[in-house]
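Q: The structure is given below, and queries will be raised subsequently.
Rule-based calculations on the coordinates, nothing more; no lab input. Computed from a prediction, not measured in an experiment: that's the story for all the values here. Backbone-built Cβ (ideal geometry, glycine too); neighbour counts: all protein chains shown.
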Amino acid sequence: MSLVADLGVGDRELVAFTGAGGKTTLLLGLGHQLTELGKTVVMGTTTRMGTDQIPSWAEVAIPKFVGAGSTFVVESTDGPKVMGSSPNFFDRAFETAEYVLVEADGARRRQIKAPAPHEPVIPSMTTMVVVVAGLNALGFPISEVAHRPERVAEVVGVSVDATVTSEMMATLITSPEGGLARVPDRARVVVALTGDGEASGLIARISEHPRIQRAFVSTYSKQETRK
């Protein structure tokens, strides 16, 4: 499948991935597809991610001038984790790279989340924010599937023991304290739903929000990215 088309990626973009439920898979998938098209791509995170998630098809480098091809930026490592670079670095990288892809949020491999006040950490020059949420959260208690479950419960107005519904997910994704938190005014917003579950009603409700350009269910998987 073409993530370039599904996300509506333009000729030059700084894309920040936020939320939960598959950010890294989508970021690396998009980076791989753009690399295959011969584009200059810089990838990295403003938070932390596992060192095992760095792709073998990208050059790994500390922050530096960006050349041709794909570069995965590593500020430093802390055991199994990669420590992210500053948002300002990615803003500067966008001056020379055709595409900059940033994982701007952490979710500890959960399916949904509501950010803390300091999250997500989105570069100011971001042109597109991809809000990710996992459909596999549907039908389970918030406490079992959410990162920062107390925050999720507060945003949607229920208890942490409440079962996640499509209505709750729509509220969470479209809330300025949820999926739309800290999104730069200049950035377009795309919602990518991952996993399995009935999503037609959810997509319809999300798509009504004036701030969201498009919403879709991604069937992209890790296996589609060449190692």
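Q: Could you calculate the contour length gain from residue 108 to residue 37, that is, 0.36 nm times the residue separation minus the distance between their Cα atoms, to one decimal place in nm?
A: Length difference between fully extended and current span is 22.4 nm.
Q: Run through all the Cα pairs of the stretch 142-226 and give the fraction in each 10 Å bin from 0, expressed as whole percent.
A: Percent of pairs per bin, in order: 16, 44, 34, 6, 0.
Q: Let me ask another. If you rank 13, 144, 208 by fewest surrounding Cβ atoms within 10 Å, what's the result? Working shown, then result.
A: Working: 13 22, 144 14, 208 11.
By the 10 Å Cβ count, ascending, the order reads 208, 144, 13.
Q: For residue 152, what is the net charge nearby, where nearby means another residue's Cβ is under 15 Å from its Cβ and Lys, Arg count +1, Asp, Glu -1?
A: -3
Q: Where in the stretch 23-42 does the label zone of residue 59 land, with the point 7 angstrom along Cα→C-beta and an amide N cut-off under 19 Å?
A: Residues 31-42 fall inside that zone.
Q: Rounded to the nearest 500, what is the 222 nm mean residue ellipticity of the chain from helices alone, with -39500 (n - 2.57) per DSSP H run of 4+ residues and division by all residues?
A: On the way: 7 runs with 55 residues, N = 227.
That comes out to -6500 deg cm²/dmol.
Q: Further question: With Kirkwood's inverse mean 1/r over C-alpha pairs for Rh, give me the Rg to Rh ratio of the chain, two decimals please.
A: Reported Rg/Rh, Kirkwood definition of Rh: 0.95.
Q: Across the stretch 3-224, how many lysine pairs, 8 or more apart or on two chains, come within less than 22 Å at their alpha-carbon atoms?
A: 10
Q: Count charges around residue 88 for me, please; just the other residues with Cβ under 14 Å from its Cβ, Lys/Arg as +1, Asp/Glu as -1.
A: Details: positive: 92; negative: 75, 91, 95.
Spelling it out: positives minus negatives among the neighbours equals -2.
Q: GNM on the chain, C-alpha springs below 10 Å: top fluctuator among 55, 123, 210?
A: So, out of 55, 123, 210, the one fluctuating most is 210.
Q: Moving to a separate point now. Calculate one ³J(HN,Hα) per residue across the stretch 158-169 by plugging θ = phi - 60° into the Karplus curve 6.51 cos²θ - 1.76 cosθ + 1.60, and present them in order as whole Hz with x for glycine and proline.
A: My calculation for the stretch 158-169 gives 9, 8, 5, 8, 5, 7, 5, 10, 4, 4, 5, 5 Hz in order.
Q: Sort 135-142, 158-165 by packing, meaning the average of other beta carbons within 10 Å per residue, with the highest value first. Show your work: numbers first, answer last.
A: Details: 135-142: 19.1, 158-165: 15.6.
Going from most to least packed, we get 135-142, 158-165.
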